[in-house]
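Contents: one structure, followed by commentary.
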Amino acid sequence: MADAENVMGVEGDHVVLNISPDGAAMVTLNRPEKKNAFDEITIAALMDVFETIRVSDGIRVVFIRGAGTTFCAGADLDWMQRQARHDFDDNEADARALAHMLQALHDLPQLTVALVHGGAFGGGAGLVAACDYAIAVAGSRFCFTEVRLGLTPATISPFVIEAIGPRQARAMFATAMPFDAARAYEMGLIQEIAADLDDLAKREERLADLAFAAAPGAVADAKLLVKDVAGKPVNAVLANETARRIATRRASPEGQEGLAAFLEKRAPNWAKGS
């Protein structure tokens, strides 16, 4: 990613947002001493960051990473102790904040990419699942640990099940079995395995290049397309709906510009450096 201009967060903040001049956002979980575990402050900060990104027209791709040695260790132990002293209503409010934060990430119109190293456990693995794309360094570890604590991975379940399917989710949720990057790739939780941190950075650059080559409105519509078509019966109603969508795209300014650029053998106006 190009040199980034810091637009949110300072040293010591739970979450730091940096946006490069060309529109690549880097969201850094910034609690390395806690292995970037979630607490109520981190969750609220992530929600604020995702809202900032959502309304920023210039952002084309969003990367999420963890400072230090671990992507995200899940729930912070001190936070869990505080939750244990809360009544049902307070616990539900805490859980709802996490669920809404993950939903905000999942629904961002930009391409979202998790850059995983060290480990992603519990809610950290849910954060990975809520992204569109994930790359993990070889040696990274994953686990849905909740049942070991007498809990269930309820708030992350919609995103994990969407990513890996119900059978794999049932197996991993019920056993709390640790698994490595190779197994995460096989299940669909991640899309690439990087050899090391240098390789991770190279793969990050390639994803940024792909994002800058794509029309931002088309990316947002493509993400909505998957959401709206998945699970629907393949019939005439769906055929008519998908035909309407591609016709709308063809008539849109991006569609017109993309076709013109192709015929004129030039870069479209949304391409980096065009």
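Does R250 satisfy the condition of being surrounded by 12 or more Cβ atoms within 10 Å (Cβ to Cβ) and either within 27 Å of the chain's Cα centre (by Cα) or of a type in the set (G, A, S) (or both)?
The answer is no for R250.
Here V113, V55, V49, V62 are screened, and the one residue that is within 22 Å of D22 (Cα to Cα), assigned by TED's automatic domain parsing to the domain that holds V137 and more than 14 Å from the chain's Cα centre (by Cα) is V55. Tallying residues that are without any contact (Cβ under 8 Å) to a residue 40 or more places away in the chain and either within 23 Å of G74 (Cβ to Cβ) or of a type in the set (K, R) (or both) within region 186-223 yields 5.
The numbered conditions (1) among the hydroxyl-bearing types (S, T, Y); (2) loosely packed, with under 12 Cβ neighbours inside 10 Å; (3) closer than 27 Å to F159 by Cα are all true for T242 except (2). Scanning region 263-274 for residues that are over 14 Å from P216 (Cα atoms) and either touching a residue at least 24 places away in the same chain (Cβ under 8 Å) or surrounded by 11 or more Cβ atoms within 10 Å (Cβ to Cβ) (or both) turns up R266, A267, S274.
The values are calculated or read from the model by the stated rules, or taken from the named source; none is laboratory data. This is a predicted model, so every value here is computed, not measured. In this analysis, Cβ positions are derived from the backbone assuming ideal geometry, glycine residues included, and neighbour counts consider all displayed protein chains.
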